[in-house]
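The values are calculated or read from the model by the stated rules, or taken from the named source; none is laboratory data. Computed from a predicted model, the values in this text were never measured in an experiment. In this analysis, Cβ positions are derived from the backbone assuming ideal geometry, glycine residues included, and neighbour counts consider all displayed protein chains.
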Amino acid sequence: MDFKMRRHLEDDCSEALLGGAAEPEPEAGSPRCMGEEEVALGGDGPGGDGPGGGDGQQQFEGHCHGGENHEKRTAKRQLLVACGVSLVFMIGEVIGGYAAQSLAIMADAAHLLTDLCSILISLVSLWISSRPPTRTMTFGWHRAEAMGALVSVLSIWAVTAVLVVLAGRRLLDGDYEIHTRVMLLTSGCAVGANVLMALILHQSGAAHGHSHALTSDPPGRRGKGGAGGRAHGNTSVRAAFVHALGDLLHSLGVLVAATIIHFRPEMKMADPMCTFLFSALVLATTFSIVKDVCRTLMEGTPSSISVAAVNEALLAVSGVRDVHQLHAWSLSGTHALVSVHVAIEDGADAQLLLRDVTASLRSEFHFSGVTVQVERRSEDRTACLQRCDLSP
């Protein structure tokens, strides 16, 4: 007879104790840990084949830690500091661009304004994603982060389109004058501001997300499976960092254009041309963010995880005969989940094998949520196996 086990594990937990008695279901609507796993074990014959067979439920209970995790606290701190820097230098560029009559500097100020808005959106999305699960939002609010990053990128694309139109009009009219001294001073300050922004938002410790895993990655495994999408760091901070890099490139271009116009006034067309060039670069640098966000929202396999490698690792577990219905997806850039059906050898210890499979998925691929259904190899599952696609 089939029975079901629920397993609550947190990423920080290194082990769980097996309870011998059945425990009641959590009350409806009660929040659960992000690392909770639900595992279904199938057995044949009365009472089931695995230890503790029979009707009822058992639970592996870990514990939930209150408060925000280190990653999100760090992300919020970075975004708040970057927000303050953006506000101060954006005001400075607006004043300097108006005084210099430079469209390129005004474009740079508009990019900083977009960064400021996107950082505010990112902060709101991080706050929303930290809310606990509810009855209707059972996975929590983690995808608010991806949606915030998408809105952030789309906003800079809209501003870039407006700047391109204005630059085109300036090239066609040719009736404009630029004060190069003010342009040089303002663009130089803008370069310094964007370097500071990039340093604040740079995720040099992005791999920190792996340090709390059950075990470290064995040599060569990371290339096959990755780390559950964590290598990319926080999505919102990454989006803001890409914005800062785009603005840094734009500011450098403005500085070069200001230098050229200062010594060769007849080359004032360098101002709108600079806007064209670096608007294209900003679009190119933000494309990868949109690609990753769309992959997350479409529940695609995380880019750092190979389904073939996961399938291979599961088949390597002693007692596993077949793997099917293997699905891996992301809730956010730092939360990857997996669901799989595992057919085991006759006579294998279902609970021990379940523990080995779960440990393999967590330690080698760093999934934050694991759902494993263990099945006995029997005739009634042949059709299911034939319908499943085992290709990566």
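Okay, here's what the table says:
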{"read-out": "Which numbered condition Val323 misses (of (1) touching a helix residue (DSSP H, G or I) at 6+ places or on another chain (Cβ under 7 Å); (2) surrounded by fewer than 20 Cβ atoms within 10 Å (Cβ to Cβ))", "value": "(2)"}
{"read-out": "Qualifying residue in segment 61-74 (condition: touching a Leu at 6+ places or on another chain (Cβ under 8 Å), among the hydroxyl-bearing types (Ser, Thr, Tyr) and either modelled with pLDDT of 85 or more or part of a helix (DSSP H, G or I) (or both))", "value": "no"}
{"read-out": "Condition broken by Ser339, with the remaining ones in (1) out of contact with any Asp or Glu (no Cβ under 6 Å at 6 or more places or on another chain); (2) at pLDDT 90 or above; (3) crowded, with 23+ Cβ neighbours inside 10 Å satisfied", "value": "(3)"}
{"read-out": "Some residue of segment 242-251 being among the small types (Gly, Ala, Ser) and over 18 Å from Met197 (Cβ atoms)", "value": "no"}
{"read-out": "Unmet requirement for Val164, which otherwise passes all of (1) at pLDDT below 85; (2) part of a helix (DSSP H, G or I); (3) of a type outside the set (S, T, N, Q)", "value": "(1)"}
{"read-out": "Single residue of Thr358, Thr382 found to be over 30 Å from Val237 (Cα atoms), modelled with pLDDT of 90 or more, not assigned by TED's automatic domain parsing to the domain that holds Gly148 and not basic (Lys, Arg)", "value": "Thr358"}
{"read-out": "Residue match in segment 120-129 (condition: of a type outside the set (A, V, I, L, M, F, W, C) and at pLDDT 80 or above)", "value": "no"}
{"read-out": "Residues of segment 297-320 satisfying the condition of being surrounded by 17 or more Cβ atoms within 10 Å (Cβ to Cβ), more than 19 Å from Thr371 (Cα to Cα) and at pLDDT 90 or above", "value": "none"}
{"read-out": "Residues that are in a loop (DSSP other than H, G, I, E, B) and either of a type in the set (Lys, Arg) or under 26 Å from Trp141 (Cβ atoms) (or both), drawn from segment 307-360", "value": "Gly333, Thr334"}
{"read-out": "Unique residue being in the same structural domain as Leu184 (by TED's automatic domain parsing), crowded, with 16+ Cβ neighbours inside 10 Å, of a type in the set (Gly, Ala, Ser) and in contact (Cβ under 8 Å) with a residue 24 or more places away in the chain when the list is Ser251, Ser288", "value": "Ser251"}
